[in-house]
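First up is the structure itself, then whatever we jot down about it.
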Amino acid sequence: MNINTNPTNMGAADPVSVFANQGFRLSPSAMDLLRTCPRKFYLSRLARMSEDNDSPWHFDYGNAVEAGVVSYLTHGSIDQAIVDAWLRYEDTDTDTVGSDKKCLEGIVAGIQQFAASWPADEWKVHSTQLSFKLSFDKYLYYCGRIDATLINKYTGGFTSLDFKTKVLNL
């Protein structure tokens, strides 16, 4: 099977369609990168010539907030959630933009804001990092992970949480 993975050889075709029709699995961020800059997609995703192999600091920050929120929902304690979030954040090797004090303040604020709007006594963590795949046809499918699924203790209803990280000047 000859798979055309070099975006410079794709001509005028939509690059996402070319890759999907060849059976490639593309995440939403990969599809966006492929559409906006096929050459950068090729170098970073296929040729593995990324300028930085470490995850950006804001992903580590977001993962820490996620760990704190899941801890809060599991244990019902904001203090425990802050400790768990900070431990997740401290476990990274990333150099942060801004001071650790500002990052900690942001993590604490995020957990407190969540706790004010989602009472832990009403929700139980059902699962975290739940994988899914939606098939649209033979070649095109969407897959990903849901960060947390929760079940309401009183109604039995489910909801899902998907944490997003936004780059801010901290």
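The values are calculated or read from the model by the stated rules, or taken from the named source; none is laboratory data. The structure displayed is predicted, hence computed values, not measured ones. Using ideal geometry, Cβ is built from the backbone for each residue, glycine included, and neighbour counts are taken over all protein chains shown. We work out accessible area using only protein heavy atoms, side chains counted, and drop any ligands, DNA or RNA first. Shrake-Rupley method; radii C 1.70, N 1.55, O 1.52, S 1.80 Å.
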### Task
Please give the contour-minus-distance gain from Ile146 to Asp32: 0.36 nm per residue of separation, less the Cα-Cα distance, rounded to one decimal in nm.
39.1 nm
### Task
Holding the Cα-Cα limit at 30 Å, pick out from Lys133/Lys164; Lys102/Lys133; Lys101/Lys133; Lys101/Lys153 the pairs that are longer than that.
Lys102/Lys133; Lys101/Lys133; Lys101/Lys153
### Message
7 Å from Cα along Cα→Cβ at both Lys40 and Glu122: what's the point-to-point distance in nm?
### Response
4.1
### Accessible-area ranking of Val69, Val83, Val108, largest first, probe 1.4 Å
Val83, Val108, Val69
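Asp137 to Lys153: extension gain in nm, 0.36 nm per residue of separation minus the Cα-Cα distance?
Values: separation 16, 0.36 × 16 = 5.76 nm, distance 3.72 nm.
Net length gain for the segment: 2.0 nm.
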